[in-house]
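Written out below as structure tokens is the structure these notes cover.
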Amino acid sequence: MIEYHAHEAVLNALKANLATAFDEPALASQAQKLADAADIDRDAATLGSFIDVLLEHAGSDGVELQLLEQAASLWKRGLTAYQELGLARQELELAMADPTKAGALAIAQSSISRLAALKTTVTQLGSEMQALRDQIAPLPHLKPHARQNDEPSSQWTVRDAFLGRRTDAFVSALLANANDVQTRALAVGAVSGFAGNAAGSAFLGAVVGGPRRSHRYRDRLARNTLGSWLKSNTAVSSLPELARRLSYRGAIGGFALPNAIKQALESAFSKAHPSRSQPSWNLGLNRLVRHLELLIVFSRPLAPDPPMTFMSGNGDDDIPGMMVGGSGGDAGEPKGPPEPPGLGGEGPDTGVSEPGKSDSKSSGGDACLGIILGLGGLFAVGLGLLIFCIFQWAAEGECKPEEFFDELLGSEEPDPTQTTGINQGQLTAISTPEASGHILLEMFKLQLTAWQAFDLALSYLTVTGLIYPDELLITSPLYQQFLRVPQRAGWPHREEANALETYHFDPVSAFEAPASAVPFPANADPWRLTAPWPSDYDHSANAVAMPLLRRFLTNADPGENLDLDADRGFGHPCWAVAGGGSINDPSFAVDVLAYSEE
């Protein structure tokens, strides 16, 4: 299944194609009526394309949202601390620029008080972040598919049943009962969601090396990467806009679907899945909106600007700066984050190298999260040393870090920075070129460490599938591998033996037998999903949607219920393992299900 941005990109492509997809005047007129409804009630159409995501939230155990809630809270508090550090630096720079100016002493005292208060804050944040890492590390938010354990479809989650059983029946029921603008728009969205999943899951399966059921960790990375790329390259809504557009207000608080939409969904679900209980549609909506709101939180902060000059005691030599994470550059020239490359319409970069060991959750992620946001014990020590040095420069004209660490290690409850008040003489002493140069450079280094830790935290939350790669991260080999279909000797690979540790690599496990054809053309990129119909691209979402609409508009017999996970390839019908076999047998055959089978 695909996510929000991919669904909306496919919906936009479908709407653009509807008016010209049918040559027959009668069909073209009916198709135009559907397109007009989707344009008039754009929100209902978008919601219709998100039905699988709505059901995912309705039937989930809430673990993913819980983890995101905790991470978002820590992120916001960490940003506040980062901003406080920046304010402390600005205040101290202002005070030291002219220590005799009225108010300079008060400004300097405000700066030092901010630094002292930050010590307590960052120590607490560091402890909470360690606890969050321990919760995220097993990836509890990515649940196994019951099919992979040979469980009958009656035991599947509502999301998995929706994707793998009676898919055409559900969409056809929505179309048949669409009798006003809102329900027609909803039905158009549902057609788009059906086609987007059929084509998008095939693309994901091709780049991942196998379907979601057997590669759930790797599939989530690919799904989020695809969505992030389409967001940057097509005209889709931002996350805040999506949250706003889908925030249908309930009569008694919270969010609730409009009655016409809810009734249409309940009726279609009952017809497609008569043996299943109705999902909690409004619970799904509330969680979906909250999910969008939480994803918005994780923005990359701006890197700090370096001080203009760093002067040593003789007034001539530069004090060496520091480089960011090996990004290059000369000493004395601190580097911020690289500029993201332009993301145009020419497809992803194909000249990237393979993902490395450092891209894994364990090697590059768990270690990074140990200093998530740079606000743990080491950062608190850095703040303490900074305050200590300010007062040493004021009293002795230099800073001796070894004295700080001697005091730090020599007591059970060390606090060598108990004195946080500053007087006019001390302010004057630390405002000399040598002292101010050293102090401001150390403050900049501390800010830079914090910025780097935000970067590492963003990488960790992305590699664990909780958030999307941004325009910086998506340029790395880890994510570029999911933006063009590779040449493969066979498909699909079985589940990896140690997938939790190796899912950043292309699978090397044996193929399920008998092996299928790779479900998407080699070298295809995400543009293929949104290609018009008819065109040379027979694997587009429109290539799935338009035949379905033609059958409906001509009252033809139903088509096939397509497996929207594309487990056995592009356009494969819903299926079950044949003859009482197991999906984990060395070789297994499949039975295509009758249209009415759940």
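Rank 444, 570 by accessible area, highest first, at a 1.4 Å probe radius?
570, 444
For residue 275 and residue 102 in the same chain, what is the full-extension length gain: residue separation times 0.36 nm, less their Cα-Cα distance, in nm?
Working it through step by step, the gained length comes to 54.5 nm.
Can you give me the solvent accessible area of residue 156 with a 1.4 Å probe, rounded to the nearest 10 Å²?
Approximately 10 Å² of residue 156 is accessible to the 1.4 Å probe.
Mind listing the long-range amide H neighbours of residue 491? Cut-off is under 5 Å, sequence gap 5 or more, other chains count too, H placed in the peptide plane at 1.01 Å from N.
It is 516, by chain and number.
Just add up the charged neighbours of residue 179: K/R +1, D/E -1, any other residue whose Cβ is under 14 Å from the Cβ of residue 179.
0
Let me know the shape class of segment 77-120, please: from the alpha-carbon gyration tensor, a ≥ b ≥ c as square roots of the eigenvalues, rounded when a/c is under 1.5, otherwise prolate if a/b is greater than b/c, or oblate.
Because a/c hits 1.5 or more and a/b exceeds b/c, segment 77-120 counts as prolate.
Please work out whether segment 515-575 counts as rounded, prolate or oblate from its C-alpha gyration tensor, where a ≥ b ≥ c are the square roots of the eigenvalues and a/c under 1.5 means rounded, while otherwise a/b larger than b/c means prolate and anything else oblate?
oblate
Assuming R0 = 60 Å, can you tell me the calculated FRET efficiency for the pair residue 510 and residue 87, based on Cβ-Cβ distance, to the nearest 0.05?
For R0 = 60 Å, the calculated efficiency reads 0.55.
Please state the Cα pair-distance histogram of segment 542-585 with 5 angstrom bins from zero: what percent is in each bin?
Here the calculated profile for segment 542-585 is 5, 19, 20, 21, 14, 8, 7, 5, 1.
How much of the pair distance distribution for segment 415-547 lies past 23 Å, counting alpha-carbon pairs only, in percent?
Across segment 415-547, Cα pairs with separations above 23 Å total 63 percent.
Any number yet on Rg/Rh for segment 472-568, C-alpha, Kirkwood?
Taking Rg over the Kirkwood Rh, I get 1.05.
With each pseudo-label sitting 7 Å past Cα toward Cβ, what's the residue 150-residue 396 distance in nm, one decimal?
Inter-label distance under the simple model: 7.4 nm.
Subtract the Cα-Cα distance of residue 432 and residue 123 from 0.36 nm times their separation in residues, and report this length gain in nm to one decimal.
Length difference between fully extended and current span is 108.0 nm.
Rg to Rh for segment 451-524: what is it, with Cα atoms only and Rh by Kirkwood?
Rg divided by Rh gives 1.05.
Using the beta-carbon distance between residue 33 and residue 535 and R0 = 22 Å, what value does 1/(1 + (r/R0)^6) give for FRET efficiency, to the nearest 0.05?
0.40
Could you give the alpha-carbon Rg of segment 135-214 over 2.2 N^0.38 Å, rounded to two decimals?
Here the Cα radius of gyration is 1.35 times the empirical estimate.
Binned at 5 Å from 0, what are the whole-percent values of the Cα-Cα distance distribution for segment 425-487, short to long?
Here the calculated profile for segment 425-487 is 4, 14, 15, 13, 10, 9, 8, 7, 8, 6, 3, 2, 1, 0, 0.
Size of the dipole of segment 117-230 about the Cα centre, Lys and Arg at +1 and Asp and Glu at -1 on the beta carbon, nothing else charged, in debye to 20?
Computed charge dipole of segment 117-230: roughly 200 debye.
Viscosity 0.890 mPa s, temperature 25 °C: Stokes-Einstein D of segment 200-258 from its Kirkwood Cα radius, in µm² per second?
D = 179 µm²/s.
What shape does segment 163-310 have by the C-alpha gyration tensor, where a ≥ b ≥ c are the square roots of the eigenvalues, rounded means a/c under 1.5, and otherwise prolate means a/b greater than b/c and oblate the rest?
Oblate, because a/c is 1.5 or more while a/b does not exceed b/c.
Between the DSSP loop rule and a limit of at most 14 other Cβ atoms within 10 Å, which trypsin sites (Lys or Arg not before Pro) in segment 81-130 are left?
Passing both the DSSP loop test and the Cβ count: 101.
Past the 18 angstrom mark, what percentage of all C-alpha to C-alpha distances in segment 180-228 do you count?
When every Cα pair of segment 180-228 is considered, 40 percent fall beyond 18 Å.
Convex hull over the alpha-carbon atoms of segment 1-102: what's its volume per residue in Å³?
With only Cα atoms used, segment 1-102 gives 191 Å³ per residue.
Taking amide H positions as placed in the peptide plane 1.01 Å from N, state which residues far from residue 511 in sequence (5 or more) or on other chains have amide H under 5 Å from it.
494
Expressed in nm², what is the orientationally averaged projection area of the convex hull enclosing the Cα positions of segment 90-161?
8.6
At q = 0.14, 0.17 Å⁻¹, what base-10 log of I(q)/I(0) does the Debye formula yield for segment 46-165 when every alpha carbon is treated as an equal point scatterer in vacuo?
With one equal scatterer per Cα and no solvent, log10 I(q)/I(0) is -0.76, -0.92.
The values are calculated or read from the model by the stated rules, or taken from the named source; none is laboratory data. Note that this is a predicted model, so its numbers are computed, not measured. As a convention, Cβ positions derive from the backbone with ideal geometry for all residues, glycine included, and neighbour counts pool all protein chains shown. Note: accessible area is taken over every heavy atom of the protein model, side chains too, but ligands, DNA and RNA are not part of it. Shrake-Rupley method; radii C 1.70, N 1.55, O 1.52, S 1.80 Å.
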